[in-house]
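First up is the structure itself, then whatever we jot down about it.
The values are calculated or read from the model by the stated rules, or taken from the named source; none is laboratory data. Please read these numbers as outputs of a predicted model, since none were measured by experiment. Cβ placement follows ideal geometry from the backbone for every residue including glycine, while neighbour counts extend to all protein chains displayed. Note: accessible area is taken over every heavy atom of the protein model, side chains too, but ligands, DNA and RNA are not part of it. Shrake-Rupley method; radii C 1.70, N 1.55, O 1.52, S 1.80 Å.
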Amino acid sequence: MDIKAIQPKVTTLIQKAFSNQKLTHAYLFSGEPGAGKKDVAFWMAKRFFCLNPIHNEPCMKCTECKRIDSTNHPDLHFIEPDGQSIKIEQIRSLQREFHFKGVESDKKCYIIEHVDRMTVQAANSLLKFLEEPNGTSLAILLTENKNRMLDTIISRVQVYKFQQVSSEVLYKNLLNEGLDPDAAYLLSNITKSVTRGKELLEEAWFLNAKNLFFNTLEEFANNPFGAVVKIQTEWPEVFSDKKKQQVSMQLFAIWFQEVLYSQLGRRVSLNEHAQLIEHFRNHFLINDLVSILEEVVTAKEKLRSNTNYILVLEQLLQKASLAA
Ligand SMILES: [Zn+2]
């Protein structure tokens, strides 16, 4: 994964901190799931321990970098919630580790994921720990909910805000992971991270849903009424909960966006379905496509406010068939 492509601003700031020797002892990485916080944290830890950094990036080849990759570096500690929360005992055992000198040097680093999920006792204990940095230590705290953290902790750390990864960058990363272009395109518009995208691709449910979606579109091309029946009868079983129903709307959005791109003479991405896109293009005008896409946005909102799925689908279909 290309860390620098995912978070160019933050990684540049980190490189500068190393090159100006202005590294502070504690950082907070704040941002949405999938923004690459954990990957950047481990990348930063590698730079911290790396024996041969190149342009202030870790070399990825030395023994230190390699040991971090295989998660057995003695002076790098990773903490995550034990069940629902991070408990005081986890912070205490970290503190005990830090009382000893680093196993091989005086450098030590710890990364705490979901740092907002600490118990009050654990948070107070961490606060004391942050107040008394010792030796050459580096703390990297990760959170998706900065507003749930103690202000006293936030005021003692350097906060780096992570931007949401764009779907273009996610698409490239999914391609780099070996996904075929159509799957990478769909997933980059449905999920927010490479990890989640790959997970979804492994889920039988998703493959089933994807097939049903494209079969319905094929049906629509031959027999629009048949497609409507298919949606009313088969979709509710497959798109059986709120999350899955939102995915069906995302698929609609991706599809009509592609048809719109095709109308506008832009490059389409779903090459496996190029013929079908062509067919839809001949049946929908640009204005129709725009209003369908607006209707999909409305449909997503309706689902969020608990409107019945079939009702939402019927309203959407009405819009689409009026347009056609
Ligand atoms: Zn290295």
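Would you check which residues across the range 224-258 are more than 26 Å from the chain's Cα centre (by Cα) and either crowded, with 16+ Cβ neighbours inside 10 Å or in contact (Cβ under 8 Å) with a residue 40 or more places away in the chain (or both) and list them?
Step one: filter the range 224-258 for residues more than 26 Å from the chain's Cα centre (by Cα), giving 224-237.
Within the range 224-258, Pro224, Ala227, Val228, Lys230, Ile231, Gln232, Trp235, Pro236 qualify.
Only one residue in Gln164, Gln121, Gln95 is modelled with pLDDT of 90 or more and either in a helix (DSSP H, G or I) or of a type outside the set (Phe, Trp, Tyr) (or both). Which one?
Working: Gln164 fails: modelled with pLDDT of 90 or more; Gln95 fails: modelled with pLDDT of 90 or more.
Matching residue, one of Gln164, Gln121, Gln95: Gln121.
Looking across the range 135-166, the residues that are under 30 Å from Phe214 (Cα atoms) and surrounded by fewer than 15 Cβ atoms within 10 Å (Cβ to Cβ) come down to Gln164, Ser166. Of Val268, Val228, all but one fail to be touching an Asp or Glu at 6+ places or on another chain (Cβ under 9 Å), assigned to a loop (DSSP other than H, G, I, E, B) and of a type in the set (A, V, I, L, M, F, W, C); the exception is Val268.
Look at (1) free of Cβ contacts under 8 Å to residues at least 12 places away in the same chain; (2) surrounded by 17 or more Cβ atoms within 10 Å (Cβ to Cβ) and you find that Glu294 fails only one, number (2). For first residues located in the range 39-66 and within 24 Å of Phe162 (Cα to Cα) and polar (S, T, N, Q), partners that are open to solvent by 10 Å² or more (accessible area, probe 1.4 Å) and within 10 Å of the ligand (Cβ to nearest atom) and lie 6+ apart or on another chain with Cβ distances below 7 Å form the pairs Asn56/Arg47. For the range 30-49, state whether one or more residues are open to solvent by 60 Å² or more (accessible area, probe 1.4 Å) and basic (Lys, Arg). Yes, the range 30-49 has at least one match. Condition first: in a helix (DSSP H, G or I) and over 24 Å from Leu201 (Cβ atoms). Can you find one or more residues in the range 236-249 that meet it? No, the range 236-249 contains no residue that is in a helix (DSSP H, G or I) and over 24 Å from Leu201 (Cβ atoms). Can you tell me which condition Thr152 does not meet? The list is (1) part of a helix (DSSP H, G or I); (2) within 30 Å of Ser248 (Cα to Cα), and all the others hold. For Thr152, the failing item is (2). Of the residues making up the range 50-71, just one is within 17 Å of Tyr110 (Cβ to Cβ), open to solvent by 10 Å² or more (accessible area, probe 1.4 Å), more than 6 Å from the ligand (Cβ to nearest atom) and in a helix (DSSP H, G or I), namely Arg67. For the range 171-192, how many residues meet the condition of being open to solvent by less than 20 Å² (accessible area, probe 1.4 Å) and either in contact with a strand residue (DSSP E or B) (Cβ under 9 Å, 6 or more places away or on another chain) or modelled with pLDDT of 90 or more (or both)? Total satisfying the criteria: 8.
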